[in-house]
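The values are calculated or read from the model by the stated rules, or taken from the named source; none is laboratory data. Keep in mind that what you see is a predicted model, and the values were worked out from it rather than measured. Counting neighbours? That spans all protein chains shown, and the Cβs are built from the backbone with ideal geometry, glycine included. Note: accessible area is taken over every heavy atom of the protein model, side chains too, but ligands, DNA and RNA are not part of it. Shrake-Rupley method; radii C 1.70, N 1.55, O 1.52, S 1.80 Å.
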Amino acid sequence: MTDMTPIADEAATRLAFGLMRSAYLDLARTLRSIEKDPANELLRAVEHRIVYRLGSAGHDCPDGSTQEGALTLAAGRVRSVLREAQEV
C-alpha cells in the first residue's frame with residue numbers, strides 16, 4: 001500500500017466500508033428474492049463466520065491498545081451491517 005496521511009487513510013477506509021456495505025445489502029436482497037430460506041441460512045452462516053473472525057482478531061491485540069479500540073469500533077459497524085442485511 002502507499003503511504004497516506006491519516007486523513008486520506010480514514011477517507012479511503014470509509015469509502016471502502018461504504019461500498020462493501022452497499023454491495024452486501026444488495027446481495028442479501030437479491031439472494032432473498034431468488035430463494036428466501038436458503039438465502040437466510042447463507043447470510044446467517046456468513047454472519048457467524050464474521051463474528052468469529054472479529055472475536056479472534058480482538059484476542060490478538062494487547063490489552064488496552066489503540067488497535068483494540070479500533071477493532072472494537074470496526075466490529076460494531078460490521079455487526080450493524082449484518083443486522084441490517086437480516087432485515088432487508
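A few points about this structure:
- The length gained by stretching the chain between Glu87 and Leu25 to full extension, at 0.36 nm per residue less their Cα-Cα distance, is 21.4 nm.
- Three semi-axes of the equivalent ellipsoid, segment 1-49, Cα gyration tensor, whole Å, largest first: 32, 11, 6
- For the chain, the carbon plus sulfur part of the accessible surface works out to 59%, probe radius 1.4 Å.
- Of Asp3, Asp26, the order by accessible heavy-atom surface (1.4 Å probe, DNA, RNA and ligands excluded), from most exposed downward, is Asp3, Asp26.
- Accessible area of Ile50 (1.4 Å probe, protein heavy atoms only, ligands and nucleic acids ignored): about 50 Å².
- Dipole magnitude for the chain: about 320 debye, using +1 per Lys or Arg Cβ and -1 per Asp or Glu Cβ, origin at the Cα centre.
- In plain terms, the chain from Leu42 to Ala70 could stretch by 7.3 nm, reckoned as 0.36 nm per residue minus the Cα-Cα distance.
- Counted over the chain with a bin width of 5 Å, the fraction of Cα pairs per bin, in whole percents, is 2, 13, 18, 20, 18, 14, 8, 5, 2.
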